[in-house]
Amino acid sequence: MPLASTAELIAAARSGRVISFPTDTVPGLAVMPEHAEQLYTIKGRSQQKPLILLGAEAVELWPYVQGDAAEFNQWQALTQQHWPGPLTLVLPASGKHPVAMTPADHRSLGIRVPNHPLARKILAGTGPLATTSANRSGEPALQSLTAIAEQFPTVAVLDANQAPQSPDSHAQSGQPSTVAAWSAGEWQVLRQGSIQISA
């Protein structure tokens with residue numbers, strides 16, 4: 001399948017197809033949240049592993065989580081430091097996201113705003129998307145959009161060459177995001193990436 005333009009990719013996502021695009025960490029596979037089961041099928045991914053909800057702006061993601069005013073203040077203080085960026089927060093879920101995104105445990109949800117202009121442009125056109133790294137489960141994340149297109153022929157993959165690179169464009173680090181979960185009033189780091197979070 002030929003690589004897609006940004007407009008074609010947004011249209012494909014809106015129609016319910018799985019798409020792929022670069023982020024500030026590793027390239028992702030993404031789909032509208034209500035079609036999240038496709039990501040488990042295409043990757044051979046265990047349903048014990050939740051997906052992450054990616055958005056263009058933090059304001060789009062807050063409705064999917066819930067907490068009291070003090071908790072929201074702490075969460076937002078952290079995101080103001082590190083979003084957009086390679087930090088995924090796992091927070092108590094509001095119940096708005098489809099169960100298919102978190103089959104094993106619907107009580108929490110990982111959310112993130114990537115620091116990559118192409119990714120955020122696509123997300124602005126689609127709304128928040130269910131996402132995961134672009135690879136078969138248990139294999140290393142694919143770093144090349146061409147390799148993704150070859151391994152996942154049914155996925156609409158962004159042709160990055162068709163999108164102009166802005167001066168503030170960020171390259172992929174190749175390193176997954178830091179994942180921090182909110183539990184009993186403090187942060188627990190589930191995966192350490194480039195961002196350091198203290199409990």
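No lab work stands behind these numbers, since they all come straight from the coordinates. Worth saying up front: this structure is predicted, and the values here are computed from it rather than measured. Glycine gets a Cβ as well: all are built from the backbone with ideal geometry, and neighbour counts include every protein chain shown.
Given the options 160, 134, 147, name the one that is of a type outside the set (Lys, Arg), out of contact with any Lys or Arg (no Cβ under 6 Å at 6 or more places or on another chain) and free of Cβ contacts under 8 Å to residues at least 40 places away in the same chain.
147
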Matching entry among 12, 30, 4, 36 (being in contact with a strand residue (DSSP E or B) (Cβ under 6 Å, 6 or more places away or on another chain) and closer than 21 Å to residue 107 by Cα): 36
Residue within the stretch 81-91 that is assigned to a helix (DSSP H, G or I) and of a type outside the set (D, E, K, R) present: yes
Criterion: surrounded by fewer than 17 Cβ atoms within 10 Å (Cβ to Cβ) and either touching a helix residue (DSSP H, G or I) at 6+ places or on another chain (Cβ under 7 Å) or closer than 22 Å to residue 14 by Cα (or both) - qualifying residue of 138, 125: 125
Some residue of the stretch 90-103 being touching a residue at least 24 places away in the same chain (Cβ under 8 Å), touching a Pro at 6+ places or on another chain (Cβ under 7 Å), of a type outside the set (D, E, K, R) and surrounded by fewer than 21 Cβ atoms within 10 Å (Cβ to Cβ): yes
Answer from 128, 140, 84 - the residue that is out of contact with any Leu (no Cβ under 7 Å at 6 or more places or on another chain) and either more than 24 Å from residue 152 (Cα to Cα) or in contact (Cβ under 8 Å) with a residue 60 or more places away in the chain (or both): 84
